[in-house]
Every structure is written in C-alpha cells, then in structure tokens.
Amino acid sequence: MNNWLEELFGVKKPIIAMCHLQPLPGDPYYDKEGGMAKVLDCARRDLHALQNGGVDGVMFSNEFSLPYLTKVEPVTVAAMANVIGELKKEITIPYGVNCLWDPIASLDLAVAVDAKFIREIISGVYASDFGLWNTNVGKTVRHKIAIGAENVKMLFNIVPEAAKYLADRNIAEIAKSTEFNNRPDALCVSGLTAGSETDTQVLTQVKKAVKHTPILCNTGCNKDNITRQLSAADGAVCATTFKIDGIFENAVDEKRVKEFMDIVKAFRETL
C-alpha cells in the first residue's frame, strides 16, 4: 500500500484535526452582529490551539452550517476561502478542506486555498437526515482534473454521519468496490454523528477488505480509545474530543489536544 499519509504528514498514523468554522453568511445561525470578523477570530483561536497541541494536520470545515446542504451556495465557498486565506500564513501543518456536503465545492475551495486534501461523500446513494443523498463520482473526478486539482487527495467517507447506504450491502463490500471503481486516496469510517465512536470492528473489516487504500477513523476518537482505533486504522480525523469538556459546540482546548497527542506519540513509538 502506498501510504501517502505518512509522506504528507511526516509521521505514522497521523491525526488530522478539524477546525470547525462558525456559521457563515447565508447559514441559519450566522451571527450577523459578530460578522465575518467573529468567524475569523474563532477559527484563528482554534487553529493555534490545535497546532500548539501538536496535531499532524488540520482540516477546515463549515461544521456549524447546520442543517447541511448537499449542494452548497457560492457564498459558503467564498466565506471559507476568505477565512482560510486570512489564516494561511499562520498555518504550519498540512491542511485540507471539507465544504459540507458538496465534493465539487470542496474541490473548488481546495484549489483556491492550496489545500492538500478534501473529505467528502463522493460515491454512493444514501437515505439521510438531509434527504435523499445522491452522488456522481465520475463527474466529481472529472471536475477535479478540469480545475487543475490533480494533486488534491480525496478522502471518501463511506459511512456518512446521519445516513445509511440505500443498497443492502455490508461495509466490507462497499469498501472493496469503492476502492476498485473509484480509486479513493483514503476511506473514512464514521459513527452515527460527529463525536460518535466509530466501531473498531467495522474499521477492522474495512481494513481487511481493501489492499491499496489507507483507512481513517473519522469520528469519536478520544484519549481512552485512540490507541485501539489506531491499531485498526492508518490515522484518524478528530474534533469533538479536542473541544472544551469534549462538547461539540465548544472551542478547542489546547490542554486536551496535548494530552491526546501525548498518547498518540507514545503509541507510535511502539510501532
């Protein structure tokens, strides 16, 4: 397996931390009084807490744009590009983007801000809290080439949060056929919602099913389960565990990040 993750992040089993952006213009809960200045201030604070805490990479997402769209408005991409552009000189680790839940918009954003990767629902059809969730992976990959994003890695979320695959197929089958048909750069395995623990057995099943693709634990990692999850996966995407009191809506707690990463670093020394 060509583990590009290790090449990009410079470590085995990297931890990619989420930098959740506050509601943006056009979102139902956007703070018009605080405006984009507040969004930027919150993002800057979280970014520095994550970097100071020692994470290996960061992914910017419009996490608080609830409820999510499967085709985002242009204002969302513009607002995210504005924030990331303002922060770019302060980013010291590899970074990616996730424009929820729109892979085309995520690729456009990645090209605009020089991001190294995106994470999205790129293939499959799902019944979700956001309605019928369809994708067009062929169109997405062709768009990627058309806009010059050949080097942007694509992380396929094959167990979307708050959704279920419509076809009656087990996760190992989905992983195997996704790898063969779509050539993903990584497969992300999730729990039910952000912060929900991913089933280690499912991670193991996916890992056994694919031969060439890195597997990421996508939700629910914490300091009590991270060594177990990394034993099954090639890395992890983490967010809620880094927040104050481990609460999704809160700001990042640098102390919690350091405690978590100390455990990860100790685990890596055993590999």
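The values are calculated or read from the model by the stated rules, or taken from the named source; none is laboratory data. Since this is a predicted model, take the numbers as computed values, not measurements. Cβ sites come from the backbone with ideal geometry, for glycine too, and all protein chains shown count toward neighbours. Just so you know, the surface numbers come from the protein's heavy atoms only, side chains and all, with ligands and any DNA or RNA stripped out. Shrake-Rupley method; radii C 1.70, N 1.55, O 1.52, S 1.80 Å.
Things worth noting here:
- Test result for Thr200, over 28 Å from Pro67 (Cβ atoms), touching a residue at least 60 places away in the same chain (Cβ under 8 Å), open to solvent by less than 40 Å² (accessible area, probe 1.4 Å) and not aliphatic (A, V, I, L, M): no
- Answer residue from the range 7-63, given it is in contact with a helix residue (DSSP H, G or I) (Cβ under 7 Å, 6 or more places away or on another chain) and basic (Lys, Arg) and is surrounded by the most Cβ atoms within 10 Å (Cβ to Cβ) among those: Lys13
- Any hit, the range 241-254, residues being at pLDDT below 95 and at positive phi: no
- Of all positions in the range 168-175, none carries a residue that is assigned to a loop (DSSP other than H, G, I, E, B) and in contact (Cβ under 8 Å) with a residue 40 or more places away in the chain.
- Positions within the range 134-160 being crowded, with 19+ Cβ neighbours inside 10 Å and out of contact with any strand residue (DSSP E or B) (no Cβ under 9 Å at 6 or more places or on another chain), in sequence order: none
- The residue list Ala162, Ala167, Ala186, Ala172 contains one member that is within 24 Å of Leu8 (Cα to Cα) and among the small types (Gly, Ala, Ser), which is Ala186.
- Residue check for Gly131: more than 26 Å from Ile84 (Cα to Cα), buried (at least 22 other Cβ atoms within 10 Å of the Cβ) and out of contact with any Cys (no Cβ under 7 Å at 6 or more places or on another chain): no
- In the range 110-153, the qualifying residues are those that are touching a helix residue (DSSP H, G or I) at 6+ places or on another chain (Cβ under 9 Å) and assigned to a strand (DSSP E or B), and the one that is farthest from Ala239 (Cα to Cα) is Lys153.
- Residue check, Lys88 surrounded by fewer than 16 Cβ atoms within 10 Å (Cβ to Cβ), basic (Lys, Arg), touching a residue at least 12 places away in the same chain (Cβ under 8 Å) and more than 30 Å from Leu132 (Cα to Cα): yes
- For beta carbons closer than 7 Å, sequence separation of 6+ or different chains, a first residue in the range 93-117 that is within 10 Å of Ala149 (Cβ to Cβ) and a second that is surrounded by fewer than 24 Cβ atoms within 10 Å (Cβ to Cβ) and basic (Lys, Arg), the qualifying pairs are Leu107/Lys144.
- Asp224 being more than 17 Å from Leu50 (Cα to Cα) and open to solvent by 70 Å² or more (accessible area, probe 1.4 Å): yes
- Top-ranked residue in the range 95-128 [being surrounded by fewer than 19 Cβ atoms within 10 Å (Cβ to Cβ) and touching a Gly at 6+ places or on another chain (Cβ under 7 Å); ranked as nearest to Asn170 (Cα to Cα)]: Lys116
- Restricting the first member to the range 121-146 and to residues that are in contact (Cβ under 8 Å) with a residue 60 or more places away in the chain, and the second to residues that are open to solvent by 50 Å² or more (accessible area, probe 1.4 Å) and of a type in the set (Phe, Trp, Tyr), no beta-carbon pair is closer than 9 Å while six or more apart or on different chains.
- Failed criterion for Ser231 (all others in (1) crowded, with 16+ Cβ neighbours inside 10 Å; (2) closer than 18 Å to Lys12 by Cα hold): (1)
- Val77 surrounded by fewer than 23 Cβ atoms within 10 Å (Cβ to Cβ), over 27 Å from Lys265 (Cα atoms) and in contact with a Cys (Cβ under 7 Å, 6 or more places away or on another chain): yes
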